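Okay, so here's the structure we're looking at.
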Amino acid sequence: MRALLIIPALLLISGCTKTFNAAEYLQLNKKYDVVIERDHLGVPHVIGERDVDAAFGFAYAQAEDNWQIIHDSIPFYRGTNAAINGKDAATIDFLIQWLDIWQDLDAGYHSQLKPETRAYIEAFADGINYYAALHPEETNQSLFPINGKDIVAGYMLRHLLFYGFDAPVIELFEDQRKHPISKQGETMADTQSRGHGVTIGGLPVGSNAMTVSPYNSADGSTRLAINSHQPTTGPVAWYEAHIQSNEGLNVMGGLFPSGATIGVGFNENLGWGATVNKPDLVDIYVLDIDPNNPNRYKLDGEWKALASREISIGVKLLGFLPWSVTREVLRSEHGPVLRTDHGTYAVRYAGMGEMRQVEQWLAMSKAQNFEEWRNAMRLHAFASFNLVYADREGNTMFVHNSLTPNRASGYNWAHYLPGDDSSLIWDQYMPFDQLPQVINPKSGYIHSANQSPFHVTAEGDNPVKENYRIEDGFPTRMTNRADRGLELFAELGTISEQEFFDIKHDKSFSTKSRSMAFLTQALELDLSGAEQKYQDAQQIIANWDRNTNIENRGAALSTCVIGTEWLAEQKGKPVPDIREELFRCSDRLLDKVGRLDPLWGDISRHVRGDLNLPVGGGPDTLRAIYGTGMEEDGYLTNVAGDGLYYMVSWDAEGKQKVRGIHQFGAATLDETSPHYADQAQDYVDEVLHDPLFDAKLRAKKIQRQYRPGE
């Protein structure tokens, strides 16, 4: 099941029931009235007459830039990956069918989604199919056509991964039971470790989002920083686009390739950023199995039959030989069921059967004022994500959005639950308006960086923790980015445009942070009997100014030590031994670069094609840079953190200003394109540009205007 960690967030395909006739799909462009404008940076601005026209063009533009990612992900989400890529992929195929995503879709696609939503996503699927028909040499046509359900299923699975659904499920496959069974009357412990970070493919996903209202702005402007952190390449790296129609859709921002909607972004009147949160949204129940019949479990004193069906997973062996594996899929009234060597478990998770994510993103994109945007949020289709909002009228908002289960009191929900009591099978969520949120705080600022929802602004303006039950499972962790940002806002008072920019790009560690508390332990070590190199390393840490700018000579050693503690906390692992980490990091630097105090810019690198550039920032700094590859290359390559980000503002008269940058460029995969790395230098130099959302400004910089297929 550890393969769950590498699942990308793209399309989920159920399987083609219709032969792909390329000639038939070559006529799809005649149904849609849409133009794609490519600006001087290659970013697509898709302009359709209707929403469905824009959706068709939006999909086509994405396919032009991301086809290999979209195409190669199809079998993963179809549940047929093992038939193409071999037995190691069978686990993912089992997962797709075990979650019953397609059964839920078949049951609810027409009843849960509005007709206009279905029309939009089906037009988007048409755009993908049209591109496939036009490019048979790049396409395994047996994977097509896709349809609207395929698009929706991708959203359904993606939300599970972004709140860490996979972690508690993986625990079930360990050699022994991970947690005790909670007993009635047992209370939950409220600890600061509750709710760790989230990784996808082993890389961190985190994010920052900040606002300043006119009350705390030096010039009366409203400001918003949209700064979600993702891997720099691959299926969950940010892609930039702008989609517009004459039916009220006009939004620009970031999304993952094959997404039918903007995930973080802005329109003329408002904008929002998203940061990953990790509330407790998964519960594991231990089923009491009938000793005389393994397919029955006890519930409320009666034996109930497990719903059982067999699935067939096609597997490719020896590179070509087809083979089929039959597996049993079980389900109880709680949810999906797994049999293991140490018990039979049912899993219940937030968002089961929920498929309206596309509908909510579209409603958020079309909203033109605060109340319309909040009404979009009240659809409550997202399992997780913090949202930070700002608008032209000066409104700002934070919400710790989640599908928080209404759990019964009197049990420790951090442990496993007895499966024989139906009162523990929750079926409702906390209403959206009751979730922890901040609206127009008196302090004038909001700062979300994957921390506790009870510490996102000044004291007195935060949600009150005591108003919530521990069973609600809200995280209590703090990050360095949270500690550092909050202290900067508190110190500065009213915020100028430059100060807001500087906070977003800050490269320091807070003295209050958990990371610095760990590093300080290195200074307390008695190294009098240790080798001189370790004593020298201790002195370098003592002299470090907590900064990760490229000229810094203490950052390489210090962030190496800090990084191990940060990664352990992300994964919920024990705190590393500080002595071992100091010695390990010292030895690694001496081995790879020959000194303990190299310039940080020589170690932290931003690499794309022939470019290899120094980049400031580090793990869990506001200028978030996460690097790997030291052992192989002798430097760290930036692989996650800051990617596409925007600074959006409206001045006192309501005039909008937007500046942004992408980590590489609009050409996601094409190394021969001038847009493969044309933003990389500005990215490391922290030089932002106008994304040309305004049509008048864009008109001067359009390099190509065309219709799909031209």
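The values are calculated or read from the model by the stated rules, or taken from the named source; none is laboratory data. All of these numbers come straight from a predicted model, not from anything done at the bench. Glycine gets a Cβ as well: all are built from the backbone with ideal geometry, and neighbour counts include every protein chain shown. These accessible areas exclude ligands, DNA and RNA; they are computed on the full protein's heavy atoms, side chains included. Shrake-Rupley method; radii C 1.70, N 1.55, O 1.52, S 1.80 Å.
Given a 1.4 Å probe and heavy atoms of the protein chains only, how would you sort Glu524, Glu471, Glu499, Glu372, largest accessible area at the top?
Details: Glu524 140, Glu471 25, Glu499 60, Glu372 85 Å².
Ranking Glu524, Glu471, Glu499, Glu372 by accessible area, largest first, yields Glu524, Glu372, Glu499, Glu471.
Given q = 0.13, 0.19, 0.21, 0.22 Å⁻¹, what are the Debye log10 I(q)/I(0) values for the stretch 508-642, with equal point scatterers placed on the Cα positions and solvent ignored?
-0.50, -1.10, -1.35, -1.47
How big is the antiparallel share of DSSP beta bridges in the chain, given as a percent to the nearest 5? Before the final figure, lay out each step's value.
Details: 99 of 109 bridges.
So the antiparallel bridges in the chain amount to around 90 percent.
So, in Å, what gap is there between the alpha-carbon centers of the stretch 234-273 and the stretch 539-604?
Cα centroid of the stretch 234-273 versus Cα centroid of the stretch 539-604: 37 Å apart.
For the chain, what does the accessible surface come to per residue with a 1.4 Å probe? Please give it in Å².
38
Over the stretch 599-710, consider all pairs of different Cα atoms and compute the Kirkwood hydrodynamic radius from their mean reciprocal separation; express it in Å, one decimal.
16.0
Tell me, what HN-Hα J-couplings in whole Hz come from the Karplus equation 6.51 cos²θ - 1.76 cosθ + 1.60 at θ = phi - 60° for each residue of the stretch 668-673, using x for Gly and Pro?
Result, rounded to whole Hz: 4, 10, 7, 5, 8, 6.
Let me see the pair-distance distribution of the stretch 367-471: every alpha carbon pair, 5 Å bin width, integer percents in order.
Going from the shortest bin to the longest, the percentages are 2, 11, 20, 20, 19, 12, 7, 5, 3, 1, 0.
Only four residue types carry charge here, +1 at the Cβ of Lys and Arg and -1 at the Cβ of Asp and Glu. Report the dipole size of the chain about the Cα centre in Debye, rounded to the nearest 20.
640
Using only alpha-carbon positions, what ratio does the radius of gyration of the stretch 413-547 give when scaled by 2.2 N^0.38 Å? The partial results should precede the final answer.
Numbers: Rg = 21.1 Å, N = 135, 2.2 N^0.38 = 14.2 Å.
So the Cα radius of gyration is 1.49 times the expected 2.2 N^0.38 Å.
Do you know the relative contact order of the chain, to the nearest whole percent, from alpha carbon pairs under 8 angstrom that are 6+ apart?
Details: 1608 pairs, mean separation 119.3, N = 710.
RCO, the chain: 17 percent.
How much of the DSSP bridge set in the stretch 577-673 is antiparallel, in percent, rounded to the nearest 5? Before the final figure, lay out each step's value.
On the way: 14 of 17 bridges.
Close to 80 percent.
Show me the three semi-axes of the equivalent ellipsoid for the stretch 249-387, from the C-alpha gyration tensor (sqrt of 5 times each eigenvalue), largest first, rounded to whole Å.
Value: 41, 23, 12 Å, ordered largest first.
When the Kirkwood hydrodynamic radius is evaluated over all pairs of different C-alpha atoms of the chain, what value in angstrom, to one decimal, is obtained?
Here the Kirkwood hydrodynamic radius works out to 26.6 Å.
For the chain, give the percent of accessible area contributed by carbon and sulfur heavy atoms, probe 1.4 Å, rounded to a whole number.
So the carbon and sulfur contribution to the accessible surface is 48 percent.
What pairs in Lys366/Lys657; Lys366/Lys504; Lys183/Lys298; Lys571/Lys592; Lys442/Lys507 have C-alpha atoms more than 24 Å from each other?
Beyond 24 Å: Lys366/Lys504; Lys571/Lys592; Lys442/Lys507.
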